[in-house]
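The block underneath contains the structure these notes are about, expressed in structure tokens.
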Amino acid sequence: MRQTKSSKPFVVGLIPARGGSKGILDKNIRLVAGKPLIAYTIEAAQKSRYISKLILSTDSQKIANVAKRSGLETDALRPAHLATDRAKTLDVVRYELGRLQKKLQRPIDFVVLLQPTAPLRTAKDIDEACAMFLKNKKNNSLVSVCDVGGMHPKVMYVKRGDHLVPFLETGGRAMRRQNFEAVYARNGALYLFTPKQATQGDWVISKRPLMYLMPRERSVNIDESLDLEIAEFFVRRAR
């Protein structure tokens, strides 16, 4: 269900934050420019004009306590089977939507999945993506991306034995980068989808999602320690 002229859409903001992290210990609550990583996502979501209900999905009481200090409380922790390395985001989404729909007295129009590892996404990004999604009613999903820039597939290789092979058949040739077709990568900041897509699809994003383009400086996704340093640089520069 989408917005009508006489009603405001009911939009759920969902922040998935698992406690275990192999790459960076306690990644979701690590300090970035003096603030817990997850706090940036919570604050952006709270400023959104579209998000009607914001929920945190976590298996960690430590994360829940940090989120509470940022104004977001959770009434229950995620079950252990949804907190393993093999647990799928789709299963977490279905679990949380099932819990929420039992409590609500109205249907959910769409969901905004907000990963705490993308601290530079803003409330404006959320709202522009929501407006785009509402305007294009035939689409069941939207994903945020950034231009890959110089890291184009045409200049990429894979290792085969002790030598390199072009990633693409047309790669490995001398070409002017100005002639490259624009290529975009998911930046992990925004995933918008309908409950139908989440319950009936094999992933929250459909095969032909809408695209919300973000600049590379707001597309930092925390995966390793270097990403924390890059994010801190951009956070401090924006202040």
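Eigenvalues of the alpha-carbon gyration tensor of the stretch 183-228, scaled by 5 and square-rooted, set the equivalent ellipsoid semi-axes at 25, 13, 8 angstrom, largest first. With the simple spin-label model, which puts each label point 7 Å out from Cα in the Cβ direction, the LYS62 to ASP26 separation comes to 0.5 nm.
Max-minus-min Cα coordinates of the stretch 160-239 on each principal axis give 44, 41, 30 Å, with the largest extent listed first. Straight-distance candidates among the lysines for linking to LYS35, with alpha-carbon spacing under 16 Å and chain neighbours fewer than 8 residues away dropped: LYS27, LYS62, LYS68. Annotation: the antiparallel percentage among DSSP beta bridges lying fully within the chain is about 50. Diffusion coefficient of the stretch 116-180 by Stokes-Einstein, Kirkwood radius over Cα pairs, 25 °C, 0.890 mPa s: 159 µm²/s.
Counting lysine pairs in the stretch 105-233 that sit 8 or more residues apart in sequence, or on different chains, and whose Cα atoms lie under 25 Å apart gives 11.
Can you work out the PRE-style zone for ARG94? Point 7 Å along Cα to Cβ, and I want the residues of the stretch 185-199 with backbone N under 18 Å. Only 193-199 fall inside the zone, counting backbone N under 18 Å. Across SER70, SER225, SER206, mean-square fluctuation computed from a Gaussian network of the chain (C-alpha pairs under 10 Å connected) peaks at SER225.
In this Cβ point-charge picture (+1 for Lys and Arg, -1 for Asp and Glu), the stretch 94-239 has a dipole of about 560 debye about its Cα centre. Estimated translational diffusion coefficient (Stokes-Einstein, Kirkwood radius over Cα pairs, 25 °C, 0.890 mPa s) of the chain: 128 µm² per second. Relative to the Cα centre, the charge distribution of the stretch 10-159, modelled as +1 at Lys and Arg Cβ and -1 at Asp and Glu Cβ, gives a dipole magnitude of about 160 debye.
Axis of helix 37-46 versus longest Cα principal axis of the chain: the two differ by about 60°, to the nearest ten degrees.
Going from the residue with the fewest nearby Cβ atoms within 10 Å to the one with the most, TYR40, TYR184 rank TYR184, TYR40. In the elastic network of the chain, a GNM with C-alpha springs shorter than 10 Å, the most mobile of LEU97, LEU134, LEU164 is LEU164. Distance from the alpha carbon centroid of the stretch 64-97 to that of the stretch 1-60 works out to 11 angstrom. When every Cα-Cα distance of the stretch 1-110 is counted in 10 angstrom steps from zero, the calculated P(r) takes the values 13, 42, 33, 10, 1 percent.
Largest GNM mean-square fluctuation among ASN179, ASN28, ASN139, using the chain with Cα springs under 10 Å: ASN179.
Bear in mind that the values in this text are calculations on the coordinates, not laboratory data. Predicted model only: the values in this text are computed from it and were never measured. In this analysis, Cβ positions are derived from the backbone assuming ideal geometry, glycine residues included, and neighbour counts consider all displayed protein chains.
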